[in-house]
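Engineer: Before we start, here is the structure in question, set down as structure tokens.
The values are calculated or read from the model by the stated rules, or taken from the named source; none is laboratory data. Here the structure is a predicted model, which is why all the values come from computation and not from measurement. As a convention, Cβ positions derive from the backbone with ideal geometry for all residues, glycine included, and neighbour counts pool all protein chains shown.
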Amino acid sequence: MKLMKIGIDKIGFATSDLYLDMVDLANARHEDPNKYLIGIGQSKMAVIRPTQDVVTMAAAAAKKIICQEDKEKISYVIFATESGVDNSKSAAIYLADLLGLKLNIRTIEVKQACYGATAALQLAKGYVALNPESKVLVIGADNARYGVKTPGEPTQGGGAIAMIIGSDPKILELENETSAYAKNIMDFWRPLGHSKALVDGKYSSGVYLDFLKNVWDEQLKRTNYQLQDYGALLFHLPYTKMGLKGLRQILQDATAEDSTRLIREFEYARQFNCEVGNLYTGSLYLSFLSLLVNSTSIKSGDRIGFFSYGSGAQAEFFTGILQPDYQKGLAGVDYWAILNKRQSVSVIEYEDLFERHVFDIENIELDYQADKSAFLLAGIHNYKRKYLSR
Ligand code: HMG
């Protein structure tokens, strides 16, 4: 019996049309720019307009990849976010409406910090195994907010990843063996009613590496895949230097050949993240997209390793095999053109936009004329959010 392949059929990405240059931020905070550019590993940070949120960014990401056939086959929308817009109603319902999906579908939101999109991906895989004709739309969308003049400030960002999960996928076949690890710790959290995360930054970076060691060692026991069996290793990237630290930990006893190959692919895989900052749930998958778009050396049949980490904390290491048609799953979108077309804002403008961000402000009419995006939050009235598409 031929086993059915299940995995990522298409992947799309959207972020703000505004960004802050990290050199400008460093100068304003009296830091050496190289601390942000090299020490943190970020060159630009997405700045989110008040008229944008996880729903609008997810709609923009999904619109880039969804065709009519997908619309007919999508029967489940799983929206991973830790920047949800309602305590009860899922962002997936707003999204399905904005995209014009059919009504006889399931729509849910899932949460476990930055791990959420991996949970969504694994849920989708199980669903497709039982419903091979169906497709699942998986979203990882967030707005990473620590606050102006906080240590976490240079690691902010935002955007959305949309993935279509199905059988016979164009991009990546997910392999079955995975290693997960969960432990109740306080490294990063956002209490109810807070619009900014609280974080024990240095502790969180140490825990990330501990969890990585745990799931990497476990996966080695389960699969016996060695470094030479991987075409690339990808990491959750809260800031890109964090992933580099993770990779260096794994490469401690590597041969020169493995080390050179995996560092080279990591450099391709962090290019988009350097431009945008932390996407929380979407970060690992933006790194995957960055690898697919920018690497000139990965090829069909390569095994890709994924380290997913979400504070609180939950980690998982899983793998997939790159498929022959993986370029087709990118739907011909020119991401460098989109990123290069963004408009830069000054530090003062960023601070103003940051503080004007709305979460639960009542009776607000938003001035959306300046925002040329296809999907917009136009206002909140009687605690009801009003979205527009154009
Ligand atoms: P900090 O205290 O401002 O920075 O906070 P630092 O003093 O540790 O410096 C950062 C790095 O820059 C260091 O390198 C310095 O040596 C280097 P490292 O020792 O780490 O390799 N440096 C320089 N390099 C070159 N030239 C220079 C220079 N000066 C200094 N001139 C911190 C940094 C990341 C802690 C902070 O920004 C923060 O708290 N960020 C938020 C927390 C975070 O991102 N944690 C990551 C792990 S937790 C996670 O991934 C989950 C998360 O995504 C949330 C979720 O799951 O939902 C956050």
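Engineer: Looking only at region 129-163, count how many residues are more than 16 Å from the ligand (Cβ to nearest atom) and either part of a loop (DSSP other than H, G, I, E, B) or crowded, with 20+ Cβ neighbours inside 10 Å (or both).
Structural biologist: From region 129-163, those more than 16 Å from the ligand (Cβ to nearest atom) are 129-138, 162-163; that's our starting set.
Filter once more, so that each one left must be either part of a loop (DSSP other than H, G, I, E, B) or crowded, with 20+ Cβ neighbours inside 10 Å (or both): 131-138, 162-163.
Number of matching residues: 10.
Engineer: Please go through region 100-122 and pick out each residue that is under 19 Å from residue 12 (Cα atoms) and among the hydrophobic types (A, V, I, L, M, F, W, C).
Structural biologist: Within region 100-122, 101, 114, 117, 119, 120, 121 qualify.
Engineer: Could you say which residue among 298, 361 is of a type in the set (A, V, I, L, M, F, W, C) and not assigned by TED's automatic domain parsing to the domain that holds residue 224? Before you say what the answer is, go through the steps one by one.
Structural biologist: On the way: 298 fails: not assigned by TED's automatic domain parsing to the domain that holds residue 224.
So the residue among 298, 361 that is of a type in the set (A, V, I, L, M, F, W, C) and not assigned by TED's automatic domain parsing to the domain that holds residue 224 is 361.
Engineer: Restrict the check to region 164-173 and report whether at least one residue is within 16 Å of the ligand (Cβ to nearest atom), of a type outside the set (Lys, Arg) and either part of a strand (DSSP E or B) or at pLDDT 95 or above (or both).
Structural biologist: No, that holds for no residue.
Engineer: Give all pairs with beta carbons closer than 9 Å in which a residue from region 145-158 that is in the same structural domain as residue 114 (by TED's automatic domain parsing) and closer than 12 Å to residue 31 by Cα meets a residue that is of a type in the set (Val, Ile, Thr) and within 10 Å of the ligand (Cβ to nearest atom); count only pairs at least 6 apart in sequence or on separate chains.
Structural biologist: 151/199; 154/40
Engineer: From the residues in region 227-275 that are among the polar types (S, T, N, Q) and more than 30 Å from residue 145 (Cα to Cα), which one is surrounded by the most Cβ atoms within 10 Å (Cβ to Cβ)?
Structural biologist: 259
Engineer: One residue is enough: does region 354-374 have a residue meeting the conditions assigned to a helix (DSSP H, G or I) and more than 17 Å from the chain's Cα centre (by Cα)? Show your work before the answer.
Structural biologist: We begin by selecting, within region 354-374, every residue assigned to a helix (DSSP H, G or I); these are 354-355.
Now restrict to residues that are more than 17 Å from the chain's Cα centre (by Cα): 354-355.
Yes: one or more hits.
Engineer: For region 294-301, does any single residue satisfy the condition of being under 16 Å from the mean Cα position of the chain (by Cα), in a helix (DSSP H, G or I) and free of Cβ contacts under 8 Å to residues at least 60 places away in the same chain?
Structural biologist: Filtering region 294-301 for residues under 16 Å from the mean Cα position of the chain (by Cα) gives none.
Within region 294-301, not a single residue is under 16 Å from the mean Cα position of the chain (by Cα), in a helix (DSSP H, G or I) and free of Cβ contacts under 8 Å to residues at least 60 places away in the same chain.
Engineer: Also, quick follow-up: Enumerate the pairs (first residue in region 237-249 and modelled with pLDDT of 95 or more; second residue anywhere and near the ligand (Cβ under 10 Å from one of its atoms) and assigned to a helix (DSSP H, G or I)) with beta-carbon separation below 6 Å, excluding pairs fewer than 6 apart on the same chain, so at least 6 apart or on different chains.
Structural biologist: That search, which allows pairs on different chains as well, returns 237/243; 237/283; 238/155; 239/40; 239/155; 241/40; 249/209.
Engineer: Here are the criteria: (1) among the aliphatic types (A, V, I, L, M); (2) within 20 Å of residue 385 (Cβ to Cβ); (3) under 16 Å from the mean Cα position of the chain (by Cα). Tell me which single one residue 113 does not satisfy.
Structural biologist: Looking at each condition in turn, residue 113 falls short on (2).
Engineer: Please count how many residues of region 193-230 are over 29 Å from residue 320 (Cβ atoms) and in a loop (DSSP other than H, G, I, E, B).
Structural biologist: Counting residues in region 193-230 that are over 29 Å from residue 320 (Cβ atoms) and in a loop (DSSP other than H, G, I, E, B) gives 6.
Engineer: Looking at residue 28, is it out of contact with any Gly (no Cβ under 8 Å at 6 or more places or on another chain), assigned by TED's automatic domain parsing to the domain that holds residue 160 and touching a residue at least 60 places away in the same chain (Cβ under 8 Å)?
Structural biologist: yes
Engineer: Answer with yes or no whether residue 113 is of a type in the set (A, V, I, L, M) and within 11 Å of the ligand (Cβ to nearest atom).
Structural biologist: yes
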